[in-house]
Amino acid sequence: RRPARVAVMLALAHKIQDAIDRGTVRDRAEVARRLGFTRARITHLLDLTLLAPDLQERILFVEAVDGVEPMSERALRAVAHAGSWVEQRGAWAAPFCG
C-alpha cells in the first residue's frame, strides 16, 4: 500500500498554492518553469484545490493497493468542475469515483 497518485497530486497542489499565496513564487508560470511543467499542468493540479474540503480530506487518505490506482486525476478534475460543493458531492458519488 502507498498513497494514491491523486493524493500526492492534491498535496502538491496545496504546496504550490501556498507558495504562490506566500509570495515565494510570483505566479503559476514561475511555478511551471521551476518544476519543468507546462502552465496548463499547473492549472490542472491547482484545479484539485477547488474540491469541497471533505472530498479533499477523503482523497488525501486514499491508497493504491498492489499498484492499482483507485481513481484518476482527470475524474477528480471533472468533479471539481461540477459546480458547487453540493454538486461536487453528487458527482463524487458517480460510479467512477466510488
Exercise. Determine the per residue accessible area of the chain with all protein chains present and a 1.4 angstrom probe, expressed in square angstrom.
Key: 60 Å²
Quiz item: Counting alpha carbon pairs within less than 8 Å and at least 6 residues apart, what relative contact order, in whole percent, applies to the chain?
Solution: 35 percent
Practice problem: Determine the dipole magnitude for the chain: charges of +1 sit on the beta-carbon of Lys and Arg, -1 on that of Asp and Glu, nothing else is charged, the reference point is the Cα centre, and the result goes in debye to the nearest 20. | Solution: 380 debye
Self-check item: Accessible-area composition of the chain, carbon plus sulfur, in percent [1.4 Å probe]
Solution: 57 percent
Quiz item: Can you give the percent of C-alpha pairs in the chain whose distance is more than 23 Å?
Solution: 28 percent
Exercise. State the extension gain, in nm to one decimal, for the chain segment bounded by Gln17 and Phe37, taking 0.36 nm per residue of separation less the distance between their alpha-carbons.
Key: 5.7 nm
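The values are calculated or read from the model by the stated rules, or taken from the named source; none is laboratory data. Because the structure is a prediction, the values reported are computed rather than measured. Methodologically, a virtual Cβ is constructed for each residue, glycine included, from the backbone with ideal geometry; neighbour enumeration extends over all protein chains shown. Protein only, heavy atoms only, side chains kept; ligands, DNA and RNA dropped before computing areas. Shrake-Rupley method; radii C 1.70, N 1.55, O 1.52, S 1.80 Å.
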